[in-house]
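Reading through the structure tokens given below for one structure.
The values are calculated or read from the model by the stated rules, or taken from the named source; none is laboratory data. Owing to the predicted nature of the structure, the values given are computational and were not obtained by experimental measurement. Here Cβ is always computed from backbone atoms with ideal geometry, including for glycine, and neighbour counts include all displayed protein chains. These area figures cover heavy atoms from the full protein model, side chains too; ligands, DNA and RNA do not enter into them. Shrake-Rupley method; radii C 1.70, N 1.55, O 1.52, S 1.80 Å.
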Amino acid sequence: MHYTLIKDIFACPEQYAGKEVTVAGWARTIRDSKVIGFVQLNDGSCFNNIQAVLNKDSVADFDRIVHLGVGSALIITGRLELTPDAKQPFELQVTDIAVEGASAQDYPLQKKRHTMEFLRTMPHLRQRTNTLSAAYRMRSLASFAIHSFFNSRGFVYMHTPIVTASDCEGAGEMFQLTTLDISNPPRTEDGSVDFSQDFFGKKVGLTVSGQLMGESAAMAFGRIYTFGPTFRAEKSYTARHAAEFWMIEPEMAFCDLAGDMEIAEDMIKYVLNYCMKNAPDELAFFNQFLDNGLIDRLNNVVNTEHFKRITYTEAIELLKNSGKKFDYPVEWGCDLATEHERYITEEVFGCPVFVTDYPKEIKSFYMKQNPDGKTVAAVDLLVPGIGEIIGGSQREDDADKLVARMQELGMDIESYQWYIDLRRFGGATHSGFGLGFERLLMYITGIANIRDILPFPRTTGSCEL
Ligand code: 4AD
């Protein structure tokens with residue numbers, strides 16, 4: 001590929017001045033005045049379009065090109081001329097244009113502002129709009145920042161499986177995967193479906209979390225993280241739940257809950273700093289068009305010395321004493337709803353808040369049981385505008401206590417024996433958390449709906465393409 005990225009030309013036009021360059025992209029607009037034509041070309045590398053100027057005398061095919069539809073794919077070669085007195089800082093005096101693919105007249109993205117709802121109907125094209133191309137560039141950049149952060153701290157990146165026999169969260173939200181004929185499955189003598197005849201010889205599904213395998217890896221490498229797609233068959237229609245989302249899950253041996261929170265805080269600050277440094281144009285755009293307080297808020301987070309830390313019990317007290325009428329009433333033992341989380345992080349503290357030590361009944365089986373017998377060493381990180389973006393815990397490292405809790409919950413001990421064995425073969429204090437990547441991106445971009453930060457969202461009742 002010998003094309004120059006439009007972003008590189010905008011970064012340093014002087015370097016290209018007077019020289020011949022070739023760019024490749026899609027026409028945002030095409031105009032002509034009989035002998036001269038103008039193409040605004042965008043290649044997805046940045047917001048900016050390059051203006052290409054065509055003279056009828058010097059461009060063969062001039063008439064065809066100036067009548068091409070918006071969205072046409074073009075490879076344009078020309079000489080870059082600085083135009084300090086014009087609206088755009090430079091333009092390309094075209095010497096050659098190759099039409100890679102003309103765009104039909106019914107191309108739906110014409111030059112006007114479209115609603116996010118309208119754009120959701122065309123996930124295959126919406127990446128070409130300013131808002132969504134910026135969102136997915138940010139997605140790419142933030143992924144890189146996550147890897148860079150963990151790499152700099154000596155973490156090993158583990159690939160945990162997507163197909164699994166373990167329901168990590170024990171919430172029954174696994175998508176089932178089968179090659180059996182579902183209209184007529186084989187059955188055992190007692191009439192239940194005979195999964196021993198299924199592809200894997202047992203019942204399996206799509207992973208809800210890589211944590212359990214992550215824990216086994218932490219017992220080999222000390223510090224690991226996973227970063228991959230995660231699936232939840234959770235009937236939810238909110239703007240922050242998807243059936244397929246990406247999760248980052250670090251797991252650290254020889255680390256307690258306080259150490260877990262430290263890593264989470266450092267990671268969030270690192271990723272925010274990285275995005276602010278490397279995507280200032282995207283952030284300025286989001287700040288202008290989606291959320292006027294965005295940049296201030298991100299600055300505030302990276303400059304906060306310590307995120308606030310409170311216990312669940314303190315959070316319940318704050319909510320009860322708030323004098324507010326919530327849709328879901330608050331009592332010790334209840335799960336925190338988004339309205340509660342947002343009250344705490346937005347109205348009480350105005351910054352990210354770690355809430356720790358939740359009642360064991362509302363948390364997963366693997367969490368470290370606290371000496372009070374009622375709570376577990378769990379942590380959620382709540383952030384303004386969204387609510388929970390991280391859920392984590394110190395893990396139960398006492399095999400007997402773990403088994404007792406699993407029995408209480410009626411879990412099949414035998415199929416988790418490998419997990420229990422990790423406590424028998426050199427178990428260690430260990431902790432980890434899961435960061436919902438889309439929720440983090442919603443926080444960074446101000447995009448309000450998870451359906452827009454996922455390029456191809458899969459949500460309850462919807463799986464386009
Ligand atoms: O709190 P969760 O369920 O925790 C776990 O899965 C643990 N196994 C993580 C760990 O300790 N390794 O999920 C973690 C995060 C949530 O805080 C949220 O940000 C995100 O994953 N998340 C979702 N994001 C989008 N759509 C959904 N349906 C989500 N469910 C969870």
Spelling out what I want: for every residue of segment 360-374, take phi, set θ = phi - 60°, compute 6.51 cos²θ - 1.76 cosθ + 1.60 (Karplus), and round to whole Hz; glycine and proline get x. 5, 4, 9, 10, 6, 4, 8, 7, 5, 7, 7, x, 5, x, 10
At 0.36 nm per residue, minus the direct Cα-Cα distance, what do Arg309 and Ala239 gain on full extension? Give it in nm, one decimal, please. 22.6 nm
Residue-ordered couplings for segment 16-31, obtained by feeding phi - 60° into the Karplus form 6.51 cos²θ - 1.76 cosθ + 1.60 and rounding to whole Hz (Gly and Pro as x), are 9, 4, x, 9, 8, 10, 10, 10, 9, x, 10, 6, 8, 8, 9, 10
Which order do the peptides 386-393, 439-446 take when ranked by the mean count of other beta-carbon atoms within 10 Å per residue, highest first? 439-446, 386-393
Between Phe90 and residues 5 or more places away or on another chain, which pairs have amide H atoms under 5 Å apart, with H built 1.01 Å from N, and which residues are they? Thr83
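Only helices at least 20 Å long along their axis, Cα-based, and averaging -0.5 or more on Kyte-Doolittle count here, so list those DSSP H runs from the chain.
Span-like helices here: 130-152, 257-278.
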Each label point is 7 Å from the Cα along the Cα-to-Cβ direction; what then is the distance between the points at Asp106 and Thr178, in nm? 4.1 nm
Modelled label reach - Lys19, point 7 Å along Cα→Cβ, segment 70-95 residues with backbone N closer than 12 Å: 80
Could you sort 224-234, 364-374 so that the peptide with the highest average Cβ count within 10 Å comes first and the rest follow in order? 224-234, 364-374
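Where a ≥ b ≥ c are the square roots of the eigenvalues of the C-alpha gyration tensor, would you call segment 194-249 rounded, which needs a/c under 1.5, or, failing that, prolate if a/b is larger than b/c, or oblate? Kindly include the intermediate steps, with their values, before the conclusion.
Details: a/c = 3.44, a/b = 1.06, b/c = 3.25.
It comes out oblate by the Cα gyration axes.
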Would you work out what percent of the accessible area of segment 1-143, with all protein chains in place, is carbon or sulfur (probe 1.4 Å)? 51 percent
Between Glu117 and Asp63, the FRET efficiency computed from the C-beta separation at R0 = 41 Å comes out, to the nearest 0.05, as 0.60
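Which sequence of Leu422, Leu132 reflects their accessible areas, 1.4 Å probe, from the largest down? Walk me through the intermediate numbers first.
Working: Leu422 35, Leu132 0 Å².
Ranked list, largest accessible area first: Leu422, Leu132.
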In Å², and per residue, what accessible area does the chain have when probed at 1.4 Å with the other protein chains present? 48 Å²
The ³J(HN,Hα) series, computed from each phi in segment 112-126 with the Karplus coefficients 6.51, -1.76 and 1.60 at θ = phi - 60°, rounded to the nearest Hz and given as x for glycine or proline, is 7, 7, 9, 6, 4, 5, 4, 5, 4, 6, 9, x, 7, 10, 5
Segment 308-448, relative contact order [Cα under 8 Å, separation at least 6], %: 19 percent
Accessible carbon and sulfur surface of segment 243-299 relative to its total accessible area, %, 1.4 Å: 51 percent
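Could you tell me the calculated FRET efficiency between Arg424 and Gln288, based on Cβ-Cβ distance and R0 = 56 angstrom, to the nearest 0.05?
Values: r = 57 Å, r/R0 = 1.02.
Efficiency, from the Cβ-Cβ distance: 0.45.
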If packing is taken as the average count of other Cβ atoms within 10 Å, what order do 289-296, 242-249, 268-275, 206-213 fall into, highest mean first? 206-213, 242-249, 268-275, 289-296
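Only bridges whose two residues both fall in the chain count here: according to DSSP, what percent of them are antiparallel, nearest 5? Write out the running numbers ahead of the final one.
Working: 70 of 78 bridges.
Once the DSSP bridges in the chain are tallied, antiparallel ones form about 90 percent.
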For Lys320 paired with Glu81, estimate the spin-label separation in nm (one decimal), with each label point 7 Å from Cα along the Cα-to-Cβ line. 7.6 nm
